[in-house]
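Reading through the structure tokens given below for one structure.
The values are calculated or read from the model by the stated rules, or taken from the named source; none is laboratory data. Values in this document were obtained by computation on a predicted structure and should not be read as measured data. Cβ placement follows ideal geometry from the backbone for every residue including glycine, while neighbour counts extend to all protein chains displayed.
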Amino acid sequence: MKTTTQTKTHAIGNESTQPIVELHKAGTTVVGVTSLLIGGWAVACMTAGVITSGGPVALATEYIKTIVG
């Protein structure tokens, strides 16, 4: 006589991982776009400073004068 046993296994899946992944993607996109905007603003400010002061050497000279007093 054979004895058979039956076992049932249940896989518990975490179905809430997909929305979390999408939120991480959205957060990364927002941080990336914000970084690009801030970087673009910094480049625009430095370009305006170089143009206003008369060149990169004059900008550095005026910067040092401002710090020293």
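Below, the figures for the structure above:
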{"quantity": "Pairs where the first residue, in the range 42-69, is free of Cβ contacts under 8 Å to residues at least 40 places away in the same chain and in a helix (DSSP H, G or I) and the second is aromatic (Phe, Trp, Tyr) and surrounded by 10 or more Cβ atoms within 10 Å (Cβ to Cβ), C-beta under 6 Å, 6+ apart", "calculated": "none"}
{"quantity": "Selected residue [at pLDDT below 90 and either assigned to a helix (DSSP H, G or I) or surrounded by 10 or more Cβ atoms within 10 Å (Cβ to Cβ) (or both)] from 18, 6", "calculated": "18"}
